[in-house]
1. Of all residues in the stretch 313-336, count the ones that are of a type outside the set (A, V, I, L, M, F, W, C) and more than 12 Å from the ligand (Cβ to nearest atom).
2. Condition first: within 14 Å of the ligand (Cβ to nearest atom) and within 17 Å of the chain's Cα centre (by Cα). Can you find one or more residues in the stretch 337-345 that meet it?
3. If you check Ile371 against the conditions, is it part of a loop (DSSP other than H, G, I, E, B), among the hydrophobic types (A, V, I, L, M, F, W, C) and either at pLDDT 95 or above or away from the ligand (no atom under 12 Å from the Cβ) (or both)?
4. Go through (1) over 21 Å from Ser207 (Cα atoms); (2) crowded, with 21+ Cβ neighbours inside 10 Å and name the single condition Gly276 misses.
5. Just to be sure I understand the filter: pairs with C-beta atoms under 9 Å, separated by 6 or more residues or on different chains, first member in the stretch 297-323 and farther than 26 Å from Leu253 by Cβ, second member within 9 Å of the ligand (Cβ to nearest atom) and part of a strand (DSSP E or B). Which pairs pass?
6. Identify the residue in the stretch 382-435 that is within 30 Å of Ile102 (Cα to Cα) and part of a strand (DSSP E or B) and, among all such residues, is farthest from the ligand (Cβ to nearest atom).
7. As an exercise: evaluate Asn378 against (1) within 12 Å of the ligand (Cβ to nearest atom); (2) outside any strand (DSSP E or B); (3) under 20 Å from Asp117 (Cα atoms) and give the number of the one condition it does not meet.
Amino acid sequence: MESVWYYSIGHSLSKGQGQGQSEEEQWEKPKSQLTKKHKHCTFGDKGELPLGYICTSVVRGMLHPSTGEYQFIPSVVIRYMASLLDESIAISPTTVSVQELIKRPLDSVPKRFIRLDSTPQAGPSDLDGLPTIDMKKLLGITSDSSDESFNGELGRLHFSCREWGIFQLVNHGVSSSFLQQLRHEIEGFFKLPLKEKMKYKANPGESDGYGNVVRTEKNHLDWGDRLFMTINPISKRKPHLFPELPPSLRSTLETYIQELKKIAIQILKCLAICLGIDTNLMMDLFKEEKGLETLRATYYPPCPQPELVVGLTPHSDATAITILHQITNCVNGLQIKRNGMWFPVDIPDDAFIVNMGDIMEIISNGAYPSIEHRAMVNTESERISIAMFFNPRLDAQVGPAASLVSPKSPARFRRFIMDEYVKGFFAHPMNGKSYLNGLKIMNEASDGDDLKEEA
Ligand SMILES: O=C(O)CCC(=O)C(=O)O
């Protein structure tokens, strides 16, 4: 026997029962009677529920709060109800998926996605490409920085970090065919049915997981869904995330992570040489098994009004360095802030983008400033990026390197334990470089005398 759920909103409303009609057609009439002023729904004789509650429940049904009975609600109705509410974009009380949102026709973007930042944007031709660093040439350089090497690739690295805070890395040794495989796996993840992806959703109060997490003031949302995971130390991996990923994605990511780790360590060593910091002290912070490493894969769907939204809110990374790979070749979206303007970055296929994060700005006592960046979206094409973040071990005491602090050049940042810094970062709204600014030493007096040489 066909089961039909009746529901009323202010007045009687019921599902049509036309034979041979699609689910969508059967709900067409009831749907058309819903309006914005309907704040509550009555489902048959099951009681009255706030519309917002229904729309933020698991997509195809809900547990009635008093009877505990599961009620099936066609997704087409849920989505329509959702469109009437601002909170609607949630697919569970803690998760939003833009990918799901755009499955229904959207003429305009919901209010919560309208971006707040109004910094002017430069034209595409205004940035003459980022500096390029050749990894093979860097690897030819040993730990002693002879004049010759310093004038070569190491010198270029120093210049890029000091003047730009970002560069593209070529000849990095990760093959094009492997990057294709990575693309295939990551695209496959975002194509999984929502029910599958929701197995990886972020638990309340946690940053790790799938979905669009509110990280800004005023509950603003970005136009992108992400999978954020702690990778290292292994003891910090969430049991429902990395270990439970589909096996082929997991093993591809495992290889990718190992490759990127090797690259990151080489770059960090070179940065220590450029800055004049003992490489052993630098390496001690990033000890293989203890360094904090996180990864974020972001899926940016096309948007009907891209000029109104932002794929990823302006921020600087809470890392020493970040290595970004744009999975979808030729679909650009990364923008960097230079001299108070946003500049689009054209990322060559297979190149990695390496940027300085706040921790590097602190260790270098301001010599290598972190770069503020954001991701933008477009009307036509989806875009996917994967960023890997490299940070000192959680128990490390971090501050400006002692060798870079002197009475003439006093410490510009206070010292802290990495673990506290990370917790503070995730509790802080994403807003440009504001978290780093809170760590600045404002007075002119140097407190460099009691700094330990721990990078
Ligand atoms: O997608 C991008 O280009 C930027 C990603 C990014 O900045 C991040 O994941 O922190």
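The values are calculated or read from the model by the stated rules, or taken from the named source; none is laboratory data. Predicted, not measured: the structure shown is a model, and the values here were computed from it. No Cβ is skipped: glycine too gets one built from the backbone with ideal geometry, and neighbour counts run over all protein chains shown.
1. Final tally of qualifying residues: 1.
2. No - not one qualifying residue is present in the stretch 337-345.
3. So Ile371 passes the test.
4. Every listed condition holds for Gly276 apart from (2).
5. As it stands, the answer is Val310/Arg374; Val310/Ala375; Pro314/Gln335; Pro314/His373; Pro314/Arg374, since those pairs meet every condition given.
6. Filtering the stretch 382-435 for residues that are within 30 Å of Ile102 (Cα to Cα) and part of a strand (DSSP E or B), the one farthest from the ligand (Cβ to nearest atom) comes out as Gly432.
7. Condition (1) is where Asn378 drops out.
Each row is one residue, and each column tells you yes or no for (1) at pLDDT 95 or above; (2) among the small types (Gly, Ala, Ser).
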{"position": "Ser251", "(1), (2)": "yes, yes"}
{"position": "Leu268", "(1), (2)": "yes, no"}
{"position": "Leu271", "(1), (2)": "yes, no"}
{"position": "Ile277", "(1), (2)": "yes, no"}
{"position": "Phe286", "(1), (2)": "no, no"}
{"position": "Tyr299", "(1), (2)": "yes, no"}
{"position": "Glu307", "(1), (2)": "no, no"}
